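Below: the structure, in structure tokens.
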Amino acid sequence: MDLLIDISLLTFLAVTAIGIIRITNLFAVIMLFAIFSFLSATLFMTMDAVDVALTEAAVGAGISTVLMLATLALNKDHNEKQPDKNRHWLPLAVVLTTGAVLVYGTLDLPDFGDPASAPQTHVAPHYIEKAIEETGVPNIVTAVLASYRGFDTLGEVVVIFTAGIAVLLLLGGRREDPLDDGAKDKRVPQNLVLRIVSKIVIPVIMLFALYVQFHGDYGPGGGFQAGVIMSAAIILYSLVFGLGAAERIIPKSVLMFLTSLGVLIFAGVGIASLFLGGNYLNYSVLASSQVAGQHIGILLVELGVGITVFAVMLTIFFAFAGRERS
Amino acid sequence: MYAVAIVAILVTLSLALARALMGPTVFDRIAAINMFGTKTVLLIAVFSFLTGRLDLLDMALVYAMINFISVVAVLRLFSHKDFHSPAENNVISVKVRRRWF
Amino acid sequence: MDFVVSHYNYLIAIFLMMTGFYTVISRGNLVKKIVGLNIFQVSVFLIYISLSTVKDGVAPIYVEGVKVYSNPLPHVLILTAIVVGVATTALGLALVVRIKEAYGTIEEDEIHSQDNSL
Amino acid sequence: MVLDILSWVCLVAGGLVGVVGAVGIHRFPDFFSRQHATGTTDTLCALLILLGLGLQAGLSLAAFKVALIFLFLFITSPAATHALASAAVHSGLDPKRGRTDSEGQS
């Protein structure tokens, strides 16, 4: 059964990719990309990577799609120029050659699901066996993410922080009138239903984001996913009720504050453990026992990640949405 | 029995995917995506019962949420004029608002 | 046949990688290039996650009595990579928006011809 | 035992309804009738399958989550369908009227 699901999903994925190449209407391309993300997320789930699947679903099908649509909305032309027929051959040759080399490379890869393969034999067994006693966190992915490889994650959070600032530099310059809200859209009757449904749904999404954030130690979830889901709730709000209304709830200054606050919490936990006599980001010294200290540290770090990811995603969306149509 | 449901859902997914790939109007594609998303939620729910891993139900919920958000985004981020693929010519022109909110 | 079934994930991942690559190098539209880049990215994720899977293993969330888990390390790497990926995608799209505002087009050859005519 | 049979019936019926809807989006001639096929079967399919799963779960956290998923789909799916159809009407897409055998005209 697993194999059937696996193979059919992979085939769907390949078909969707071909569709993305062949269709020239960019709007359709982006919608196919949403399907592509959903499919790959489902595939990750069937391959036991639940945290990754959660992230990919929220990020790929949610945020990426919304951002691509926003880019397209700023663009009048939704059709790609028909590519030159004669220029196909060189790219095709390059791609086929590279593909052939890569397929040759897979000959040496272990069989799918082989428990004795190289990736399974080095550091991973240590994580799997020791994570629960050393950190007290049942979700091994969270333990590795926030504790064992905390420094790496700090780097990733800084990358996201930087990307947020860069997008703001590129697109944040022009201010819109914040009083321009969605009120004038009331004449479009579809909005009544959407508004009421959104009013019901948005609190549920926010609540669920908090659940994902704080249940991340015990089940699939954590700061990255929670931040993205929370920002998706606000994005839904601004899509239905207007950008002005959303910016009145979370002004840009607050977002900027939150963006840096998250990174500060993360780095601050590291500094705190430094002052308490441990190494940077070694949470064991934060409390009397190692397990308790690790747990506190992981919770705080995940909180920092969640805040930064939430704020950056929302900053990026507002920057795109606040841009006038050219 | 779960297997039957999963196979049925997979068949549904493939047909919806075909509609999303062919769909003459953009609306057809959006409808297909909506259907695809809903069926994916069901697939995950059934899969979680099949394998007995009930914490996957959280993921089904996330999928349902994201699916709704992306459909709303598709509908709202486009002025009505843009919805027509070039195949259609009987476009009744609708005044396009300059901003999209 | 055995090889195809046991390596199906990798083969499809390579196929996807090549479709993404092809889209990036053969299409002139910048938005489409970014979509192609994203496909490429997902294919890399797919290879990592495929390598992390262990037969009869369960998701790496500790359950009393279960011994075989899939490898958590690739999951961590990919999880952060996905979020960083969307941040870079956003940056690329922001650049596309600015290019559109500066040149009035997002087709690569038109941008080049405008550059050359200066 | 009775619950088991009932849940199996629900699961199979749900799968069947889903497939019927999927066939519908290929057999119907224009967008609105296709929308009719997906919009109605989507919700019923979700109801039946999730009901089947809920019966399997009994009274537990899983059943609660299944109920939550169902409620979410039950609210959002028709809303999305409605918004979509209304957007289609507003953009000037006309339903296909009368008996014509010509395809591709909308």
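Read-outs: derived from the displayed coordinates by stated rules, not from any lab. Small disclaimer: the values here were computed from a predicted structure and weren't measured. Note that we place each Cβ from the backbone using ideal geometry, even for glycine, and neighbour counts take in every protein chain shown.
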Tilt, helix C:72-103 to longest principal axis of chain C (alpha-carbon atoms), in degrees rounded to tens, equals 10 degrees
Can you compute the modelled spin-label distance between residue A:1 and residue A:22, with each label point 7 Å from Cα toward Cβ, in nm? 3.4 nm
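Just add up the charged neighbours of residue A:297: K/R +1, D/E -1, any other residue whose Cβ is under 14 Å from the Cβ of residue A:297.
Numbers: positive: A:149; negative: A:134, A:217, A:302.
With Lys, Arg at +1 and Asp, Glu at -1, the neighbours total -2.
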Could you line up A:12, A:161, A:257 from fewest to most neighbouring Cβ atoms inside 10 Å? A:257, A:161, A:12
Over the alpha carbons of chain C, what is the largest minus smallest coordinate on each principal axis, giving the biggest first in Å? 70, 35, 13
Would you mind listing how long the protein assembly as shown runs along its three principal axes, going by Cα atoms, in whole Å with the largest first? 74, 68, 53
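Among all stretches of chain A without exposed trypsin sites (Lys or Arg not before Pro) (DSSP loop, at most 10 other Cβ atoms within 10 Å), which one is longest? All intermediate terms of the calculation are to be shown ahead of the outcome.
Numbers: sites that count: A:174, A:175.
Segment A:1-173 is the longest.
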MRE, 222 nm, helices only [DSSP H, n ≥ 4, -39500 (n - 2.57), over chain A, to nearest 500]: -22500 deg cm²/dmol
Over the Cα atoms of the stretch C:1-46, each weighted equally, I'd like the Debye log10 I(q)/I(0) at q = 0.23 Å⁻¹, rounded to two decimals. -0.69
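Holding the Cα-Cα limit at 29 Å, pick out from C:67/D:65; C:33/D:96; B:39/C:55; A:81/A:252 the pairs that are longer than that.
Values: C:67/D:65 27 Å; C:33/D:96 37 Å; B:39/C:55 27 Å; A:81/A:252 37 Å.
Check vs 29 Å cut-off fails for C:33/D:96; A:81/A:252.
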Residues in the stretch A:47-91 reached by a label modelled at residue C:103 [backbone nitrogen below 14 Å; 7 Å Cα→Cβ]: A:81
For a distance above 13 Å, tell me the whole-number percent of Cα pairs in the stretch A:1-46 that qualify. 53 percent
For the Cα atoms of chain D, what angle does the longest principal axis make with the long axis of helix D:61-90, in degrees from 0 to 90, nearest 10? 10 degrees
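Once the mean 1/r over all distinct Cα pairs of the stretch D:43-98 is inverted, what Kirkwood radius in angstroms do you read off? List each step's numbers first, then the result.
Working: mean 1/r = 0.0757 Å⁻¹.
For the stretch D:43-98, the Kirkwood estimate is 13.2 Å.
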To the nearest Å, what is the center-to-center distance of the stretch D:30-89 and the stretch A:194-263, using C-alpha atoms only? 24 Å
Calculated P(r) tail over 33 Å for chain A, as whole % of Cα pairs: 39 percent
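Kindly put A:45, A:256, A:68, C:18 in sequence by how many other C-beta atoms sit within 10 Å of each C-beta, fewest to most. Present the calculation step by step, with values, prior to reporting the outcome.
Details: A:45 31, A:256 16, A:68 28, C:18 24.
Neighbour counts put them in this order, fewest first: A:256, C:18, A:68, A:45.
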FRET efficiency estimate (nearest 0.05) - Cβ-Cβ, residue A:90 to residue A:118, R0 41 angstrom: 0.70
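Please report the net charge: other residues with Cβ closer than 9 Å to the Cβ of residue C:59, K and R +1, D and E -1.
Details: positive: B:53; negative: A:48, A:51, B:55.
Every neighbour counted, the sum reads -2.
Relative contact order for chain A: what is it in percent, counting Cα pairs under 8 Å that are at least 6 residues apart?
Values: 398 pairs, mean separation 67.6, N = 326.
In percent, rounded to a whole number, it is 21.
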Under a point spin-label approximation (7 Å from Cα along Cα-to-Cβ), what is the residue B:18-residue A:129 distance to one decimal in nm? 5.2 nm
Among residues other than residue B:58 whose Cβ falls under 12 Å from its Cβ, what is the net charge (Lys/Arg +1, Asp/Glu -1)? 0
Taking the Cα-to-Cβ direction at residue D:36 and at residue A:98 and moving 7 Å from each Cα, how far apart do the two end points lie in nm? 4.9 nm
For the stretch A:58-84 and the stretch A:111-161, distance of Cα centres in Å: 35 Å
Students often get this wrong: which residues of the stretch B:22-46 have the backbone nitrogen under 13 Å from the point 7 angstrom along Cα-to-C-beta of residue D:26? B:22-23
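Would you mind getting me the FRET efficiency between residue C:117 and residue A:76? Use the beta-carbon distance for r and R0 = 35 Å, nearest 0.05.
On the way: r = 22 Å, r/R0 = 0.63.
With R0 = 35 Å, the Cβ-Cβ based efficiency is 0.95.
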